[in-house]
1. Of the numbered conditions (1) in contact with a helix residue (DSSP H, G or I) (Cβ under 9 Å, 6 or more places away or on another chain); (2) within 12 Å of chain C (Cβ to nearest Cβ); (3) farther than 30 Å from residue A:12 by Cβ, residue A:194 fails exactly one; give the number of that condition.
2. If residue B:38 satisfies all but one of (1) surrounded by 22 or more Cβ atoms within 10 Å (Cβ to Cβ); (2) in contact with a strand residue (DSSP E or B) (Cβ under 6 Å, 6 or more places away or on another chain), what's the number of the condition it fails?
3. Among all residue pairs at least 6 apart or on different chains, which show Cβ distances below 6 Å where the first residue, located in the range C:153-174, is more than 8 Å from chain D (Cβ to nearest Cβ) and assigned to a loop (DSSP other than H, G, I, E, B) and the second is modelled with pLDDT of 95 or more and crowded, with 18+ Cβ neighbours inside 10 Å?
4. Say we look at the range D:69-80 and pick out the residues that are away from chain C (no Cβ under 12 Å) and part of a loop (DSSP other than H, G, I, E, B); which of these is surrounded by the fewest Cβ atoms within 10 Å (Cβ to Cβ)?
5. Of the numbered conditions (1) away from chain A (no Cβ under 14 Å); (2) within 30 Å of residue A:107 (Cα to Cα); (3) surrounded by fewer than 18 Cβ atoms within 10 Å (Cβ to Cβ); (4) touching a residue at least 12 places away in the same chain (Cβ under 8 Å), residue C:83 satisfies every one except a single condition; which is it?
6. For residues that are surrounded by fewer than 16 Cβ atoms within 10 Å (Cβ to Cβ) and not in a loop (DSSP other than H, G, I, E, B), tally how many sit in the range A:208-220.
7. At least 1 residues that are within 22 Å of the chain's Cα centre (by Cα) and within 9 Å of chain C (Cβ to nearest Cβ) in each: list the strands (runs of 3 or more DSSP E) lying fully within the range D:2-68 that qualify.
8. Looking at the structure I just gave you, is residue C:202 within 14 Å of another protein chain (Cβ to nearest Cβ), at pLDDT 95 or above and touching a helix residue (DSSP H, G or I) at 6+ places or on another chain (Cβ under 6 Å)?
């Protein structure tokens, strides 16, 4: 096994000028939720698994009792209409654990993408604000200046110096290392409190992305998940308030 | 010395379609205790030592005053009856320290296993519950769906989504990386509090495993160790209770 | 991408016996501030970007909304007068994250420097004192004994056993590994409290360095920054005092 | 620069069947103190410097203002009498920082040792007890069983299961990896509180070692250092007692 190993689980698909879309685990799991939702709703098909020595040495247990070595997975989707493009969708269990490993992993992912002719890519993630977000904006950063205007048109937001720490991890490196290969791209970051997984933010990100790729998808599954998370968040706040009140009561009595 | 170095301490044994059984240090040391007990009772013979740059830079001191470089060790056992199979048993002082090192080490172990014709492997470990366990179940996960039914027959238990974190370390990777080489396998995880070494859980694991490999072994040595550990655990609980009572007394008086 | 990758952003400049000057992030950011100020005021020109797998996997976001993969950058400046020398100026976003990575990175930087004929180098940094500094001295250490006298002449200070911990990071390694290649050099360390970025210390360092390289520069930009930092430091001290007083008041009342 | 680089600072010495003696930084700095004392008193001559990417990226500052890249150093000493043997003495600023690096470094040191014909080695270190030691014993562990008896004869002590954690670092690995090359050896560990550098323990170790290598050395320099350390330890205990008394006084008054 090389540092990164790719195993094709179907015949290599023939794709025409495909766009790569990445959503791996991260803040609020926004990117992963978004890409997984897209894969499910457009019925993209898995064609390759990627294992990496910089992932944890771990297997997950499937519902049927079998194990699954942690991985990243490539899916593809072929355009149905004239104004659409073929897609490669990347998601997975982990990002690389080490800095060096992240670079090696992303280089390999770009190698594979280029093999299929990718010259354009979008990376999805969350932008943690640390406080509640009513209507999450979708922040954006691009590899090329001319893309800024385009992305604004689709509803993405550019705020000077935000995120202040830049973009760390796969979503950032795919742009940075991609640019060195003349691949154009943009990162879409849904605002999120960042405490829990955030399907609402994932929906916001997809609302921008699907306009760019000319695909209409239902968001009902994400909306249902968002309701569940909202309920959990509500419960947590309640518990916190009760415990605060109790503390105050005690203070009063004492 | 390569990253992993194997030193044969006897002539390479000739084995027929052997099964690999692994038990390295881990939660409750269940896997290591189980494989060591098996080696002792069936009188398996050491044939190779494995050193790895991802082990700690450490020697242990033998009772006779000599040193021993930390290692993993391979033992073999040749089938005595028609319904038995040759065995390779793997145990040792450490697992690899780093993620990448774990992958490299397990790949090398699988290389060696394949050299001897291994197409089937069982890995043993503990499943930490964080509370006392009266009768430890033996949880299981397999590489192939058809093995699930077989393992249930032998008394192994499959609980949906348990362990929730999957299987981390050698016991997981041997299955995950083994499957990529078409090696079939299962991991047996004895339930354990996880605080102390747990010979009781090791016995439970061996009760399942020995049925699969058609070997009858005495568990008296493990049972004796289990009694000793139970005594220590009892003492620790006593001490805890005494200190709790004292605290309460103080509160009452004050 | 190799472990370290260099991308020339202009044609390779032809330089005559150039001096390498390094200032990367570190204590008080003294070295980076100094080299950036020098680059700005003498209008040195960027000619190469260096990416390294030991930098964080990160892109920064430019004011125009595009991304920039974190890097180190080489600039050059050609001598204007007889008593001046061509310069290569190195600064950047990060130093290597790991020990091994630092060695690999500095070796590569020295390879590039030697390609351009560098036989002399100066590294700039801060020396953290942990207390306020009225007039920062510029401590020095050199690769060769004969340079000590020269550097004293230019105002650098040598204090026995200071810094006690030696010089850690790029500024130290460039001297240490440079010496193995017969490159002469010195490190200039401006005294600094070390709490905040310290333009005053950077100015002190440049006052010594510019004498050596026979370049006169205005320090007004650094002085302006120093005033701003002084103001911030003052505010922080005020806040601390207020909070101390409040605590004392409370004690008095209670 | 390779991962480990050796630079000969003199012509390679011609040595006859030399013994390697190692003392690098560690608990109580016992090994380093002992080997440095031996080098000084027998006037061993430095012949090689070893740099390693697993050392910290650091230079130290010499008293004359020049820098010194952190390293390990080889010295040699040629036998003066019939019953003596040529010696190679290894000491230095650091051990490798990572596990893998330690293995690589020790392998390289053994390569060099074998080049000079080393078939026997002694490693020196401290054994931290965590409490005061009146007369430090010198514990021992050997590569071969027949050496145990010999070392006892010279005053070394073998205690079953001590040190319980084995020997970690260069002193352990040189034995463990040396044995794989059929190099015989022993580690001598001077008992030490382990809080401060411990010249008394270093002297105890040398008293055993010098009998083995048939060299008489004065210990006056070590004894002087030991007195200084004892004085410092005394001062520290005083300070601790005073602060304890004060606390008690306060309790009494309050």
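The values are calculated or read from the model by the stated rules, or taken from the named source; none is laboratory data. Everything numeric here is computed off the predicted structure, so don't read it as measured data. Here Cβ is always computed from backbone atoms with ideal geometry, including for glycine, and neighbour counts include all displayed protein chains.
1. (2)
2. (2)
3. Pairs found: C:154/C:208; C:154/C:212; C:155/C:208; C:156/C:138; C:156/C:140; C:156/C:208.
4. Going residue by residue through the range D:69-80, those that are away from chain C (no Cβ under 12 Å) are D:72-80.
Checking which are part of a loop (DSSP other than H, G, I, E, B) leaves us with D:78-80.
Working: D:78: 15, D:79: 18, D:80: 9.
Among those that are away from chain C (no Cβ under 12 Å) and part of a loop (DSSP other than H, G, I, E, B), it is D:80.
5. With (1) away from chain A (no Cβ under 14 Å); (2) within 30 Å of residue A:107 (Cα to Cα); (3) surrounded by fewer than 18 Cβ atoms within 10 Å (Cβ to Cβ); (4) touching a residue at least 12 places away in the same chain (Cβ under 8 Å) applied to residue C:83, the lone miss is (2).
6. Narrowing the range A:208-220 to residues surrounded by fewer than 16 Cβ atoms within 10 Å (Cβ to Cβ): A:211, A:214, A:216, A:218, A:220.
Subsequent filtering for residues that are not in a loop (DSSP other than H, G, I, E, B) retains A:211, A:220.
Looking only at that region, the number is 2.
7. Values: elements: D:4-8, D:19-22, D:45-52, D:58-61.
Counting at least 1 such residues, we get D:4-8, D:45-52, D:58-61.
8. Here the answer is no, as residue C:202 does not meet what is asked.
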